[in-house]
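Take a look at the structure below.
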Amino acid sequence: MKTTEYPPARIPQQQNGSAAPPAVAYEESDSHAFLAVVTVLLGVLVSVLIVFGIFMWFDAHDAKNAANRAAAKAGTAAPATHSMPGMDMSGGSSGLTSYAGAAPANADALATAHKPFPAAMPPIPAGKVADVNLVLKDVTIDIAPGVKYSAWAWAGGAPGPVIHVRQGQTIKITLTNDGAIPHSVDFHAARIAPDKAFTDVLPGKSVSYTFTANDPGVFMYHCGTKPVLAHIANGMYGAIVVEPKPGVLPKADRDYVLVASEWYLSSDGLSKPAQYNQDKAHARQPDWMTFNGYSGQYVKHPLTAKPGELVRFWVVDAGPSLDTDFHIVGTIFDRAYAFGDMNPEHALNGVQTVTVPAGGGGVFDVKIDQPGLYPFVSHAFAAVDQGQVGLLKVGDVQGTMSH
Ligand SMILES: [Cu+2]
């Protein structure tokens, strides 16, 4: 409700004038004059209260009408969320329409048919130099069951391919721009002059640069062309894992890579592909939030481990703007390499949730003995409702679960 400020009732002040100040008259007045002043003041007070009351009535009336309009609107929107007593489902006060949770009738079948982005770590290329070829492309992708999005992304969609290299290895990046506008690629794993290496590449052109991956960890890469917010929000990001020197970390039995991100949609994406909505991106009000580009894909297609195996999650938060509060339900991180600081002496032990900042990374070791379905989430729980949830299936257990 809009609040209205009312000026305090003001008693008229004496102006500096040429006439003799009336105060003199009051001083010598009797009780009649005093009563007159009190009467006038009471009159002013009553008038102010009446006016105030009228304003309040209008304000309440407006609010009721607005609530009725919002309720009617909510009733016609995509029935993604279920109203409960005591819940206001009428949407935010920002005026931005949310398409969170929009889904076709066959969403479940589509989720089952979806081929999940491979989260398993790819091998390290042999040799002293790792050749990495990246192709940027305008593609229509699915970001949730039945939800299409016109992305500026990579030849394979969004995120881009997981790149896995060895600490100390030389990386030769070749970027080809098959898109319609200039793009570029910024590697957070590089120490290199960005004005030279991360330069814009015109459509149809390529650029190459080389850096040595001396810093171990998990790093974001992304298009750095202005406006960067739009280029990242449209899908131009990925993860590069720089494997620490052998023997530094305990040996993992499984390595999984997750890239967290948000999606800001111009429409629900059900009948035609949605596009980027800048107002929502500026307001940081995403419609969907995903791991590896597709809402809840590892709920239908869980990641797997055997009981007692050491599972290592390499997590990048591509943003563009929101952090990921990484947590695995039902366990505790044995070691968390917060912010991707891979020095074992700095690792956190026995922590429950660790923030992965937008544009940053984090590495998480878990060893789970009891078979079961363990959800991994961003524990900023709006993110779960918007798709940032998956399952780690430990042992030979049946079914899926939602959390
Ligand atoms: Cu770009």
**Asked** Within segment 117-131, is even one residue within 16 Å of the ligand (Cβ to nearest atom), more than 14 Å from I240 (Cα to Cα) and open to solvent by 60 Å² or more (accessible area, probe 1.4 Å)?
**Response** no
**Request:** Looking at (1) touching a helix residue (DSSP H, G or I) at 6+ places or on another chain (Cβ under 8 Å); (2) more than 20 Å from V315 (Cβ to Cβ); (3) in contact (Cβ under 8 Å) with a residue 60 or more places away in the chain, find the lone condition where G217 falls short.
**Result:** (2)
**Fill in**
Within segment 207-229, the residues that are more than 11 Å from the ligand (Cβ to nearest atom), of a type in the set (G, A, S) and assigned to a loop (DSSP other than H, G, I, E, B) are A213
**Fill in**
Within segment 147-163, the count of residues that are open to solvent by less than 20 Å² (accessible area, probe 1.4 Å), away from the ligand (no atom under 13 Å from the Cβ), outside any loop (DSSP other than H, G, I, E, B) and not aliphatic (A, V, I, L, M) comes to 2
**Message:** Condition check: surrounded by 22 or more Cβ atoms within 10 Å (Cβ to Cβ) and under 30 Å from N349 (Cα atoms). Does G269 satisfy that?
**Reply:** no
**Message:** So A281 ticks every box in (1) hydrophobic (A, V, I, L, M, F, W, C); (2) farther than 18 Å from G360 by Cβ; (3) in a strand (DSSP E or B) but one. Which box is left unticked?
**Reply:** (3)
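Residue-by-condition table, conditions (1) within 16 Å of the ligand (Cβ to nearest atom); (2) in a loop (DSSP other than H, G, I, E, B):
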residue	(1), (2)
H231	yes, no
V242	no, no
A252	no, yes
D255	no, no
E262	no, no
**Prompt:** For A144, which of the numbered conditions (1) away from the ligand (no atom under 13 Å from the Cβ); (2) surrounded by fewer than 24 Cβ atoms within 10 Å (Cβ to Cβ) fails to hold?
**Reply:** (2)
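The values are calculated or read from the model by the stated rules, or taken from the named source; none is laboratory data. Since the model is a prediction, treat every value here as computed from it, not as a measurement. Positions of Cβ are backbone-derived with ideal geometry, glycine not excepted, and every protein chain shown enters the neighbour counts. Quick note on the areas: whole protein, heavy atoms, side chains included, nothing else; ligands and nucleic acids left out. Shrake-Rupley method; radii C 1.70, N 1.55, O 1.52, S 1.80 Å.
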